[in-house]
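One structure below.
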Amino acid sequence: MTQTAHGVEFSQQLSANPKSAEERAAILANPGFGDHFTDHTAIVDYSVDANGNGGWHNPRVEAYGPITLDPSAAVLHYGQEIFEGLKAYRHADGSIWSFRPEANAARLNKSARRLALPELPAEYFLGAIRELVAADKEWVPAGDGEALYLRPFMIATEAFLGVRAAREVSFRVIASPAGNYFGGELKPVSIWISREYARAGRGGTGDAKCGGNYAASLIAQQEAEANGCKQVLFLDQFNDNAVEELGGMNVFFVMKDGSLVTPALTGTILEGITRMSVIQVAKDMGRDVTERKITLDEWREGVASGEIAEVFACGTAAVITPIGVLKDATEFIGSEDATAGETTMAIRQRLLGIQTGAVPDTHGWLTRLA
């Protein structure tokens, strides 16, 4: 069977053994995050021919399952890999929508350029998520704050050990039902200051969404968890300890005058889709937003003086998370008894409302998938 999406035909070889309705219902009752996966995956292949011409081909939806790779596949040795993250939301009328997928498609290609991977035409990206969601629409949860998390990724599959860009690549999308991060009271989290480790360096891959950045953050994340913190904060130690980002989220400061400040993009900070959306939503609410350098000293002094009224982090998975305490072995900034700030909650409510269809989408950010 062949389906057409965004001008690209996707063949379908649907799973012969999908989860039963009962099995699926049991998973959706408590999906967690990234613990369970739907019945199918979308795939597009890339290869370079004998004349040196590369192209994408064979777009398809097939049963979810293991990937067969040669032991010398380039992704295993040189880390040629990038990924994205976005969600599909079920609206009140049962329809399914994604939030700003075109921005994810553009960022994937920005990452591809940095990792010397081929750029993927947007019609393949959008077609892949649309076709996968169409095949697995019953997996999209309907609970408050729940969604189907979509993970598009690209890996170098060519079998060779020479140090060069791979000539065979696979683009894939998998999906996982995600529970409500905001069940019950939304409590501010504690953040650990990383003094020893850096997430990325200037001229590196900090503004690309690649696995190596996350691998580099894991040892610092382990240190954070060992000290009772949910996330880790990375600083630019060669730039006055300028605030960069958390292990997987961008940071915002709400000033006492109601304006917002967020670290400027310097090439070492990922340009988050949620980050750019928060900036626009805040402006829609009449608040000034400044992208600039902000240091650890300013954070410390601002909290002490009241100049900084609220701090929150944002990203696809958790959307918006208030920050209560920033600490390390010698620092303790903020309060463990802090509650989620009024501005933080107002922006969260507006952004989630747009994503779930409860608030009008005045920017054309939503794309219907099913």
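Considering only segment 269-289, how many residues are touching a Ser or Thr at 6+ places or on another chain (Cβ under 9 Å) and farther than 24 Å from Gly364 by Cα? Before the answer, list the steps.
Keep residues of segment 269-289 that are touching a Ser or Thr at 6+ places or on another chain (Cβ under 9 Å), which gives 272-275, 278-279, 282, 284-285, 287-289.
Narrowing further to those that are farther than 24 Å from Gly364 by Cα: none.
Adding up the residues that qualify gives 0.
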Next on the checklist: I'm trying to understand the selection: among the residues of segment 57-87, which are at positive phi and outside any loop (DSSP other than H, G, I, E, B)?
Outcome noted: Asn58
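May I ask you to verify whether Glu336 is in a helix (DSSP H, G or I) and open to solvent by 40 Å² or more (accessible area, probe 1.4 Å)?
no
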Checklist entry - Considering only segment 278-303, how many residues are free of Cβ contacts under 8 Å to residues at least 40 places away in the same chain, assigned to a helix (DSSP H, G or I), of a type in the set (D, E, K, R) and over 21 Å from Ile191 (Cα atoms)? => result 1
Checklist entry - Which of the residues belonging to segment 46-93 are surrounded by fewer than 19 Cβ atoms within 10 Å (Cβ to Cβ), under 27 Å from Arg114 (Cβ atoms), among the charged types (D, E, K, R) and touching a strand residue (DSSP E or B) at 6+ places or on another chain (Cβ under 6 Å)? => result Asp70
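The values are calculated or read from the model by the stated rules, or taken from the named source; none is laboratory data. Given the structure is predicted, the values throughout are model-derived calculations rather than measurements. Every residue, glycine among them, receives a Cβ derived from its backbone with ideal geometry; neighbour counts consider all protein chains shown. The area values use the complete protein model at the heavy-atom level, side chains included, leaving out ligands, DNA and RNA. Shrake-Rupley method; radii C 1.70, N 1.55, O 1.52, S 1.80 Å.
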